[in-house]
Amino acid sequence: MCGIVGLFLKDKSLEPQLGSLLSDMLVSMTDRGPDSAGIAIYGSTEKNRGKITIQSPTPDRDFAGLDQEIAKKVGAPVAMTVKSTHAVLEVPVDKVESVRGAIAELRPDVRIMGVGESIEIYKEVGLPEKVAERFELSKMSGTHGIGHTRMATESAVTTMGAHPFSTGPDQCLVHNGSLSNHNNTRRELKREGMKFETENDTEVAAAYLSHKIASGMGLGEALEASLNDLDGFFTFVVGTKNGFGVVRDPIACKPAVMAETDRYVAFGSEYRALVNLPGIEQARVWEPEPSTVYFWEH
């Protein structure tokens, strides 16, 4: 039993409130997942600039001087913003892969949480409220975001086991449920060149979608394909640079509710995650159908 939230803004005037609204939604799902929590925010972008979110169990040691060391190694300017155990590196977009290699060489204990032009991912062990406070999520702005509160059932409670999982540029996924064919799917994806950081089944789902998108599918097509290729009980909420998608398995035993107004689209594992959204009283509220893909794009 885990908790999922998501918010896709249509109204630009709400963008400064995205972090605050998502934080409230996330905390409302605490009893569905008190072990760890995470959030992905799609924020502002700058032309020809990329973002790399990193995490360290010893940030005071690992982040000290890292931006200057990377800049010297790759021959390009690097800006770093530290937030507790995470930091966001902003680099020239054509240097992203070089920077990833430099991180692995200079700080082998540092983990990459997400890469893209707009995505930032923050996740840690602990109660959702404490995680939200640690990263000052309420102060963040953006166009859309997704979050997750985890109750671990099949793997250890660790930072890397927390959601969201990101396996492609500006892509991430949160999941409530359990996949029964994740081991076989992982082996197939490894043969296709996909790399994995954990044994978590959710990372397999994220990698599956990233592989489909990299092969030329749109988000909606990739989610449709997942219904045929992934077995088990699942509700997925997915983010891309411009999009937000939801799909439930054919049995759809995991709870889910959606709401839409002319200002936003919202998802929650339960309705209480949505009750404080502006104008929720006038929203169209429904339970997403089994085996049905819902997605929106800017």
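The values are calculated or read from the model by the stated rules, or taken from the named source; none is laboratory data. Since we're looking at a predicted model, the values are computed, not measured. Positions of Cβ are backbone-derived with ideal geometry, glycine not excepted, and every protein chain shown enters the neighbour counts. Ligands, DNA and RNA are stripped out before the accessible areas are found, and what is left, the full protein with its side chains, is counted by its heavy atoms. Shrake-Rupley method; radii C 1.70, N 1.55, O 1.52, S 1.80 Å.
Here are a few things to note about the model shown:
- Extension gain, ASP231 back to GLU133 (0.36 nm per residue minus Cα-Cα distance, nm): 31.7 nm
- Calculated mean residue ellipticity, 222 nm, the chain: -7500 deg cm²/dmol, from DSSP H runs (n ≥ 4) at -39500 (n - 2.57) each, averaged per residue and rounded to 500.
- Within the chain, the selection of entire DSSP H helices by a Cα span of 18 Å or greater along the long axis and an average Kyte-Doolittle value of at least 0.5 returns an empty list.
- Label-point separation, ASP262 to LYS10 (7 Å along Cα→Cβ), nm: 0.8 nm
- Straight-distance crosslink candidates among aspartates and glutamates, where the alpha carbon sits under 12 Å from LYS73 and sequence neighbours closer than 8 are dropped: GLU105
- Principal axes of region 27-115: Cα extent on each, largest first, Å: 47, 30, 17
- Expressed as a whole percent, the accessible area of region 84-158 that falls on carbon and sulfur atoms is 46 (1.4 Å probe).
- Whichever aspartates and glutamates have a C-alpha closer than 13 Å to that of LYS123, once near sequence neighbours (fewer than 8 apart) are set aside: ASP35, GLU133, GLU136
- Hydrodynamic radius of region 186-289 per Kirkwood, over alpha carbon pairs, in Å: 15.2 Å
- Placing +1 on each Lys and Arg Cβ and -1 on each Asp and Glu Cβ, with no other charges, gives the chain a dipole about its Cα centre of roughly 520 debye.
- If the chain linking ARG111 and GLU197 were pulled fully straight, counting 0.36 nm for each residue of separation and taking away their Cα-Cα distance, it would gain 30.1 nm.
- Packing rank of 80-91, 197-208, where each peptide gets the mean count of other beta carbons within 10 Å, highest leading: 197-208, 80-91
- Over all other residues within a Cβ to Cβ distance under 13 Å of MET194, the charged ones net out to +2, with Lys and Arg as +1 and Asp and Glu as -1.
- Residues of region 154-298: accessible area per residue with a 1.4 Å probe, Å²: 43 Å²
- Estimated dipole of region 67-189 in Debye, rounded to 20 [Cβ of Lys and Arg +1, of Asp and Glu -1, Cα centre]: 220 debye
- When you count the other C-beta atoms within 10 angstrom of each residue and take the mean per peptide, 115-126, 94-105 line up highest first as 115-126, 94-105.
- Site pair MET1 and ASP31 shows an inter-label distance of 0.8 nm when each label is modelled 7 Å from Cα along Cα→Cβ.
- For region 1-53, the solvent-accessible area of protein heavy atoms averages 35 Å² per residue (probe radius 1.4 Å; ligands and nucleic acids excluded).
- Nearby lysines by direct alpha-carbon distance to LYS190 (threshold 20 angstrom, same-chain neighbours under 8 apart not counted): LYS212
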